[in-house]
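The values are calculated or read from the model by the stated rules, or taken from the named source; none is laboratory data. Treat the numbers as computed from the prediction; the structure is a model and nothing was measured. Note that each Cβ is placed from the backbone with ideal geometry, even for glycine, and that neighbours are counted across all protein chains shown.
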Amino acid sequence: MNDIGIALELKGVSKSYPGTLAVDRVDLAVRTGEVHALIGENGAGKSTLMKIIAGSFDDYTGEVFVGSKNIQLHTPAAARAVGIAMIHQELSLAAPLNIAENILAGRLPARRGIVDRGLMLKDARRWMGLVGLANLDPLTAVETISPHEAQLVEIAKALANRPCILVMDEPTSALSREEVQHLFTVIRRLRRDGLAIIYISHHLPEILEIADRVTVMRDGRKVGTHSIPDVSELQLAEMMIGGAVSDLYAKRRMQPFEERFVVKGITRYGFFHDVSFSIRAGEILGLAGLSGSGRSELARSLCGIDPMDKGSIALSGKPLRFRNYGHAVSEGVVYVPEDRKAQGIALRLSVRENALSAIIPRHSLHGIYSAARGSNLLQGLLRQLEIVPPDPKRIAGTLSGGNQQKVLLAKWFATQPEVLVLDEPTRGVDVGAKVLIHKAIAEIADSGKCVLLISSDLPELVGLSDRIIVMCKGHVIGEMDKARATETSVLLAANGERGALSA
Amino acid sequence: MKGKERLHGILNTLGVYVLVLALFAVGCLLSQEFFTEKNLLNTLGAVALLGIVAVGVAFVTYSQHYLDLSIPGIMALSGIIAVSALPYGFMASLTAGIAVGVTIGLVNGLVVGYLRLNPIIWTLAMMSVLSGVIRKVYAGRQVYPDEATAAGRAFLDLYHTEIFGWLPLPIALLAFIAAAGTVIMWKSGFGARLKLTGSSYEVARMTGVHVPRTVMTAFVICSVSSSIAGILLTSFNRVGAQYIGKGYDFDAITAVVIGGMTLTGGRGSVPGVVGGVIVIALLNNIMSLVKIGDFTIGSFEKTIIQGAIFILVVGINSYVQRTSGLDDA
């Protein structure tokens with residue numbers, strides 16, 4: 001890097017909550033024109049650090065320099081004034097408004113109180129061009145565009161503030177592989193224009209691809225800052241969890257049993273067509289596909305959540321026709337949704353209420369329900385999944401993301417399913433939780449159950465699955481066994497290259 | 001954060017009874033007539049019907065569907081149909097009255113639960129339809145139980161029945177319905193599913209809960225308890241008329257909210273709601289005991305005070321939830 005001007009420097013910054021030191025004397029220097037990744041497990045303090053930078057706290061200690069000037073970031077307005085812009089994980093766009101109004105929110109060009117439409121469109125187009133959205137009409141309502149486009153609009157909105165430091169929190173968590181590539185192109189262009197970008201992510205391969213340097217945090221402290229070419233994924237993972245990661249992917253005891261779950265020619269018009277496959281007892285079947293390939297829709301129809309138009313399903317030779325999802329659950333076919341917060345667990349209920357919520361009928365006698373009947377089961381699950389803290393009364397929403405995900409898994413493990421359909425089981429969780437979840441999935445398969453694993457995380461899909469079927473545009477285009485499946489071949493196949501299947 | 005959570009928990013379950021005790025003390029200070037068996041029974045009797053409605057509304061509120069605005073219509077129509085069915089006998093009359101509640105509850109539940117129409121808008125429309133139907137069919141006439149028949153006399157005596165010779169039927173029914181409601185909400189499988197539905201609709205759906213049926217059941221419980229109250233109120237007023245039950249919708253939701261049930265669903269309890277009903281009763285009683293010179297609190301002022309209390313409680317509740325982070329993050 002030729003330009004080593006420092007855009008943002010933190011010196012000995014600390015922030016404590018009552019009882020815990022969330023950020024402990026952290027030094028961080030972000031250069032202009034670099035993508036600086038910030039990684040750490042959930043609870044490592046990176047969100048708190050970002051909130052400090054965004055001006056959310058007026059009681060942090062330590063010094064912050066922006067462009068070598070000592071600045072106090074005590075309010076969000078102060079952070080904005082020195083050119084710091086944040087892009088949050090949850091998008092902050094007003095859905096009914098159009099793209100232009102969102103990008104220029106709060107500073108629409110106006111003359112005597114009347115919005116100057118021409119100027120607004122011109123302005124909006126300029127920012128949209130910067131993020132590669134030139135092909136979109138600025139008057140499109142935000143609620144009608146894809147999550148990927150919304151993410152880019154969010155960036156355009158931040159850029160319209162003309163920041164010199166851009167903070168991105170998990171910007172790729174809702175994006176498919178090729179959308180991520182597009183986003184990276186935009187990020188690289190912004191970097192070339194001299195923007196300092198702080199990039200927070202759980203996704204190590206992405207960081208290796210896009211970042212120039214990476215700072216690792218653990219337990220509120222900075223572990224170190226490294227240049228990207230000097231570190232490997234494994235080294236980063238070890239720094240994050242503070243020990244050696246012996247094997248990111250749990251070893252499987254591969255023993256092909258008889259076919260247990262057989263799906264023949266199922267179709268839901270417009271979503272997926274004539275899909276057939278089978279899962280053997282004790283097998284993890286991976287389902288690869290880009291977002292929009294119909295994989296989640298397939299999973300939901302399999303479990304009776306959405307309807308299907310044609311085809312048959314059989315479990316242990318017994319044909320099944322689900323009236324509704326509750327029926328599927330009682331037959332042992334369950335779906336673990338990808339959207340933990342909206343569909344997975346009720347954040348304001350306790351860990352116990354969540355973990356036992358799928359088996360209420362089993363703990364009811366003559367209509368009278370007793371959660372106490374499930375306490376042994378619950379204790380076992382808390383132990384198996386190492387949920388921290390192991391307190392059944394704790395409100396689920398107060399747990400870290402990784403532990404919430406474990407509660408979601410516990411809820412479905414509690415049903416003792418025959419067929420477990422997992423949709424993105426480790427999205428947005430830290431490395432430690434991920435390893436545990438992988439272990440738990442392998443264990444449930446080893447106990448003779450069928451697992452259908454949907455994941456965009458290719459190393460996870462390839463590492464965990466015994467066999468992978470590939471979906472593309474609503475059709476299953478092929479199958480790969482463990483020996484042949486590599487991240488590259490799966491990715492190529494998911495993009496529709498049939499050649500990758502036979503290679 | 002921890003402290004606030006605990007405070008909120010305590011406020012939710014016990015807070016309303018602290019308020020009950022405080023009002024009791026105020027009542028005792030204000031007047032010697034307050035702490036007499038007669039006054040207390042009268043006070044409770046005056047809100048027993050409201051209590052029955054409020055316990056029903058609690059199920060709708062708990063399911064995150066706010067409240068059923070067609071309650072006054074259900075009460076009026078139940079009373080009118082019960083009176084109209086009196087020629088077929090007393091039991092037939094009660095059955096017909098409650099059947100009205102079941103039917104309207106099913107319709108509300110089907111539309112709100114299965115078709116997912118906004119509960120406020122739908123039940124408001126239902127209210128309009130019901131009052132129109134009553135006016136049309138009965139052409140503005142009121143229906144009177146016929147005192148010449150045994151069934152008519154039994155109907156008129158219904159409200160004034162005293163169990164064991166001292167306990168008024170409405171209070172006994174409230175106690176029974178509240179106890180049943182408590183068991184259903186806390187101890188039944190339906191109650192557990194309702195809590196999940198009220199806490200997060202999508203999560204309940206993706207858990208395999210039959211959400212439409214659960215919501216429908218809540219509406220049926222609400223309208224059946226409303227029709228029970230409607231029949232008793234008709235018996236008390238000795239007339240079935242379109243205005244019977246007016247204002248019970250807002251009174252009931254006030255009691256539910258004072259009782260610690262949040263409008264966002266999934267939180268609160270039936271004992272709390274009963275506490276809320278008692279608070280309203282004591283407030284009414286105390287307000288009528290207040291005499292400062294020429295100044296007394298009339299019914300208009302009471303309505304204003306009740307409205308203000310409702311706003312205050314809802315405001316405090318949502319503030320505490322927001323600041324303690326219990327609002328869904």
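A few points about this structure:
- Only residues that are surrounded by fewer than 17 Cβ atoms within 10 Å (Cβ to Cβ), within 14 Å of another protein chain (Cβ to nearest Cβ) and without any contact (Cβ under 8 Å) to a residue 12 or more places away in the chain were counted in the range A:380-398, giving 1.
- Verdict on residue A:328 being facing chain B (nearest Cβ under 8 Å), closer than 30 Å to residue A:265 by Cβ and touching a residue at least 24 places away in the same chain (Cβ under 8 Å): yes
- Flag if residue A:428 is at positive phi and either small (Gly, Ala, Ser) or part of a loop (DSSP other than H, G, I, E, B) (or both): yes
- Lone qualifier among B:79, B:45 - being modelled with pLDDT of 95 or more and within 23 Å of residue B:252 (Cα to Cα): B:79
- Restricting the range A:364-378 to residues that are facing chain B (nearest Cβ under 8 Å) and either of a type in the set (S, T, N, Q) or closer than 23 Å to residue A:344 by Cβ (or both), the residue that is nearest to the chain's Cα centre (by Cα) is A:371.
- Here is the figure for the range A:352-366: residues that are more than 16 Å from residue A:404 (Cβ to Cβ) and touching a strand residue (DSSP E or B) at 6+ places or on another chain (Cβ under 8 Å) total 3.
- Within the option set B:314, B:320, being part of a helix (DSSP H, G or I) and touching a Lys or Arg at 6+ places or on another chain (Cβ under 8 Å) holds for one residue only, B:320.
- In the set (1) of a type outside the set (D, E, K, R); (2) surrounded by fewer than 19 Cβ atoms within 10 Å (Cβ to Cβ); (3) assigned to a helix (DSSP H, G or I), residue A:448 fails one condition alone, (3).
- Output for the range A:192-209, where each listed residue is outside any loop (DSSP other than H, G, I, E, B) and surrounded by 20 or more Cβ atoms within 10 Å (Cβ to Cβ): A:196, A:197, A:198, A:199, A:200, A:204, A:207
- In the range A:335-351, the residue that is farthest from residue A:395 (Cα to Cα) out of those that are more than 8 Å from chain B (Cβ to nearest Cβ) and buried (at least 22 other Cβ atoms within 10 Å of the Cβ) is A:336.
- When residues of the range B:181-194 are limited to those that are touching a helix residue (DSSP H, G or I) at 6+ places or on another chain (Cβ under 7 Å) and not hydroxyl-bearing (Ser, Thr, Tyr), the one nearest to the other protein chains (Cβ to nearest Cβ): B:189
- Given (1) part of a loop (DSSP other than H, G, I, E, B); (2) modelled with pLDDT under 80; (3) crowded, with 18+ Cβ neighbours inside 10 Å, index of the condition residue A:256 fails: (3)
Yes/no matrix, rows are residues, columns are (1) modelled with pLDDT under 95; (2) more than 9 Å from every other protein chain (Cβ to nearest Cβ); (3) in contact with a His (Cβ under 7 Å, 6 or more places away or on another chain):
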site	(1), (2), (3)
B:202	yes, no, no
B:208	yes, no, no
B:217	no, yes, no
B:226	no, yes, no
B:231	no, yes, no
B:234	no, yes, no
B:238	yes, yes, no
B:243	yes, yes, no
B:265	yes, yes, no
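- Selected residue (only one of B:270, B:320 is within 14 Å of chain A (Cβ to nearest Cβ) and among the hydrophobic types (A, V, I, L, M, F, W, C)): B:320
- Residues of the range B:169-226 satisfying the condition of being without any contact (Cβ under 8 Å) to a residue 60 or more places away in the chain and of a type in the set (D, E, K, R): B:187, B:193, B:202, B:205
- In the range A:152-185, the residues that are farther than 24 Å from residue A:424 by Cβ and assigned to a helix (DSSP H, G or I): A:156, A:157, A:158, A:159, A:185
- Within the range A:302-323, the set of residues being buried (at least 17 other Cβ atoms within 10 Å of the Cβ), of a type outside the set (A, V, I, L, M) and within 14 Å of chain B (Cβ to nearest Cβ) comprises A:303, A:304, A:322.
- Residue A:430 vs. criteria under 22 Å from the mean Cα position of the chain (by Cα) and either under 24 Å from residue A:326 (Cβ atoms) or in contact (Cβ under 8 Å) with a residue 24 or more places away in the chain (or both): yes
- Some residue of the range B:245-266 being part of a helix (DSSP H, G or I) and over 27 Å from residue B:124 (Cβ atoms): no
- Here A:119, A:133 are screened, and the one residue that is free of Cβ contacts under 8 Å to residues at least 60 places away in the same chain, of a type in the set (A, V, I, L, M) and either in a loop (DSSP other than H, G, I, E, B) or not assigned by TED's automatic domain parsing to the domain that holds residue A:192 (or both) is A:133.
- Residue match in the range A:403-416 (condition: outside any loop (DSSP other than H, G, I, E, B), crowded, with 20+ Cβ neighbours inside 10 Å and of a type in the set (Lys, Arg)): yes
- Each residue in the range B:232-244 was checked for being closer than 17 Å to residue B:46 by Cα and assigned to a loop (DSSP other than H, G, I, E, B), and 2 of them qualify.
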